[in-house]
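**Q** Dropping the structure in here first, questions after.
The values are calculated or read from the model by the stated rules, or taken from the named source; none is laboratory data. Note that this is a predicted model, so its numbers are computed, not measured. Here Cβ is always computed from backbone atoms with ideal geometry, including for glycine, and neighbour counts include all displayed protein chains.
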Amino acid sequence: MAVKARRARAGARPAMSEVRRRLARAVDGATPALLVVVLLALLIPIATGSVIGAAAALGLTVLLIVLVTVGIEQTATALLLVAVAMAPMNNVKPVAAISFVTMSDVFFFLGVGLLLPILMTKGFQRQAPFLIGVAGIFVVGLVSSAASADPVASLNGLLRLVVGALLLPIVFMLWRPGQRVLVAFAGAYVLGTAISVAKGRISGVTSTDGRFGGLTEHPNILGLTGMLAVTLVPFLFAALPGAYRWAALAAGAVCAYGIWISGSRAALVGTVVVAVVYLLLSRRVEHALVFFGLSIIPVYVVGQTLASGVVDSSPLGRLQGGGSATLSDVDRQNLARVAWDNFVSHPIIGTGFGDASIAHNIYLQVAAAGGVLALVCYLGILFATARQPLLLGAPYSLLALPAMGYALVGPLTPLLWDRYIWCVLALPFLLDRPGPQEVPSAAGTTPEVRR
């Protein structure tokens with residue numbers, strides 16, 4: 001009898017263990033749902049308090065449902081996709097009273113916040129030039145801020161530079177989700193810029209001299225985002241399949257039109273130069289034919305503008321001194337002179353980052369703010385950013401075009417640390433670099449990128 005009892009108990013143990021495992025799985029499966037129910041109950045008082053509270057509660061509810069359904073990384077990817085799409089719309093803000101926070105910033109914050117547990121488990125992959133540049137400009141910025149006349153304002157400017165321009169590439173080089181996310185982000189930026197241009201054209205002019213700003217804070221920003229979007233089109237055309245290529249070309253045409261209606265001279269010149277460089281480097285007849293076909297209408301519009309003799313607010317008109325161009329040039333010369341005097345007076349550590357975006361020249365601004373050392377570090381960052389896509393091989397090498405365009409218009413723009421710039425320049429860091437055994441071939445091809 002004792003033997004039979006022991007056998008019965010031994011047979012019952014596996015059965016009890018299986019029950020416990022099933023119970024544990026049931027609890028694990030029910031926990032996210034219970035968490036959502038609890039959080040929804042907490043959000044109800046917020047939702048009934050005001051319209052803003054209701055909108056916030058609804059957004060958090062949707063976020064929780066998506067998080068439980070698809071998981072952390074997929075939810076973060078979706079949030080960052082929306083953030084990139086809204087980056088060219090820097091005049092779309094959650095709260096008008098907080099003018100420096102955009103809706104894109106909100107989605108970037110949520111997406112990066114969700115990614116933090118994943119990022120903490122990863123390491124950098126041979127990005128020493130970029131990281132050395134970031135560390136150098138941060139240290140120099142701290143020194144120049146401490147020695148400046150207004151340390152608080154200088155630290156605020158340095159923080160905006162680090163968070164707005166340098167933090168996102170670091171997040172991307174830690175994350176490295178792969179090709180599909182990179183292509184999706186590039187397409188989202190072009191689509192967001194096209195939406196901004198279309199909305200601006202419908203809404204009408206936003207400046208006294210007839211220029212359009214779209215969903216941005218200034219026509220020059222519409223021009224710069226249009227230029228960055230256009231320089232992404234060659235990559236999308238090479239990376240996307242079939243009909244998606246032509247959709248990218250159509251969206252790129254809308255973005256190019258945005259450059260025209262923005263009246264930005266720098267954006268127009270930068271786009272033309274980058275397009276010519278692309279054709280010279282690609283040496284592909286079909287690319288030249290596509291470019292020729294797409295340029296027929298713009299060339300006609302430019303010809304009509306020049307033949308009319310009317311000096312208007314278009315980029316060509318402003319190159320001839322039309323609109324507000326003359327007053328803008330005088331203002332830029334005065335601001336550049338002030339920045340140059342600041343640099344000459346403190347060439348080693350600069351005068352601080354409090355006024356680091358007034359000279360309409362990003363290189364002069366960095367030199368005046370942090371001195372020669374800061375300028376060297378910043379040039380190193382730009383070099384590393386442009387070099388990263390070239391190391392990835394075709395077609396990712398085409399992502400050097402946005403960095404080239406931004407570096408080219410640098411002497412003509414004050415836009416130094418904005419997310420709508422650096423979310424594009426940071427795109428190549430979403431991929432692993434190929435190892436020594438995966439070096440791109442001379443024919444311009446590259447093996448499958450490691451996930």
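**Q** If only one of P347, P389, P411 is surrounded by fewer than 17 Cβ atoms within 10 Å (Cβ to Cβ), under 30 Å from F185 (Cα atoms) and either in contact with a strand residue (DSSP E or B) (Cβ under 8 Å, 6 or more places away or on another chain) or without any contact (Cβ under 8 Å) to a residue 60 or more places away in the chain (or both), which one is it? Give the derivation first.
**A** Details: P347 fails: under 30 Å from F185 (Cα atoms); P389 fails: surrounded by fewer than 17 Cβ atoms within 10 Å (Cβ to Cβ).
The match here is P411.
**Q** I'd like the residue in the range 221-238 that is crowded, with 22+ Cβ neighbours inside 10 Å and small (G, A, S) and, out of all such residues, is nearest to L398 (Cα to Cα). Spell out the reasoning first.
**A** To start, the set of residues in the range 221-238 that are crowded, with 22+ Cβ neighbours inside 10 Å comprises 221-236.
Pick out the ones that are also small (G, A, S) and you get 223, 226, 229.
Working: G223: 21, G226: 17, A229: 13 Å.
Among those that are crowded, with 22+ Cβ neighbours inside 10 Å and small (G, A, S), it is A229.
**Q** Next up: Would it be correct to say that R450 is among the basic types (K, R), at pLDDT below 80 and either surrounded by 18 or more Cβ atoms within 10 Å (Cβ to Cβ) or in contact with a strand residue (DSSP E or B) (Cβ under 8 Å, 6 or more places away or on another chain) (or both)?
**A** It is false that R450 is among the basic types (K, R), at pLDDT below 80 and either surrounded by 18 or more Cβ atoms within 10 Å (Cβ to Cβ) or in contact with a strand residue (DSSP E or B) (Cβ under 8 Å, 6 or more places away or on another chain) (or both).
**Q** Here's something else I'd like to know. Mind listing whichever residues of the range 372-402 are out of contact with any Leu (no Cβ under 6 Å at 6 or more places or on another chain) and among the hydroxyl-bearing types (S, T, Y)?
**A** Passing the criteria: Y378, Y396.
**Q** Right, another one. So, of the residues in the range 146-182 that are within 17 Å of the chain's Cα centre (by Cα) and not hydrophobic (A, V, I, L, M, F, W, C), which turns out to be surrounded by the fewest Cβ atoms within 10 Å (Cβ to Cβ)? I'd like the intermediate steps shown before the answer.
**A** Kept after step one, since they are within 17 Å of the chain's Cα centre (by Cα), are these residues of the range 146-182: 160-182.
From the residues that got through so far, the ones that are not hydrophobic (A, V, I, L, M, F, W, C) too are 160, 164, 169, 176-180.
Working: R160: 17, G164: 19, P169: 25, R176: 19, P177: 19, G178: 15, Q179: 16, R180: 12.
Ranking the candidates gives R180 first.
**Q** Being assigned to a loop (DSSP other than H, G, I, E, B), touching a helix residue (DSSP H, G or I) at 6+ places or on another chain (Cβ under 9 Å) and of a type in the set (G, A, S) narrows it down to one residue among A374, A369, A359; which is it?
**A** One residue alone meets the criteria, A359.
**Q** Identify, from the list G136, G113, the residue that is modelled with pLDDT of 90 or more and not hydrophobic (A, V, I, L, M, F, W, C).
**A** Exactly one of G136, G113 is modelled with pLDDT of 90 or more and not hydrophobic (A, V, I, L, M, F, W, C), namely G136.
**Q** Determine if the range 264-280 includes at least one residue that is under 22 Å from the mean Cα position of the chain (by Cα) and modelled with pLDDT of 90 or more.
**A** no
**Q** Continuing with this model, one more query. Examine the range 203-214 for a residue that is in contact with an Asp or Glu (Cβ under 8 Å, 6 or more places away or on another chain), closer than 21 Å to S328 by Cα and not basic (K, R), and state whether such a residue exists.
**A** yes
**Q** Only one of A96, A146 is part of a helix (DSSP H, G or I) and either at pLDDT 90 or above or over 24 Å from L431 (Cα atoms) (or both); which?
**A** Only one candidate passes the filter, namely A146.
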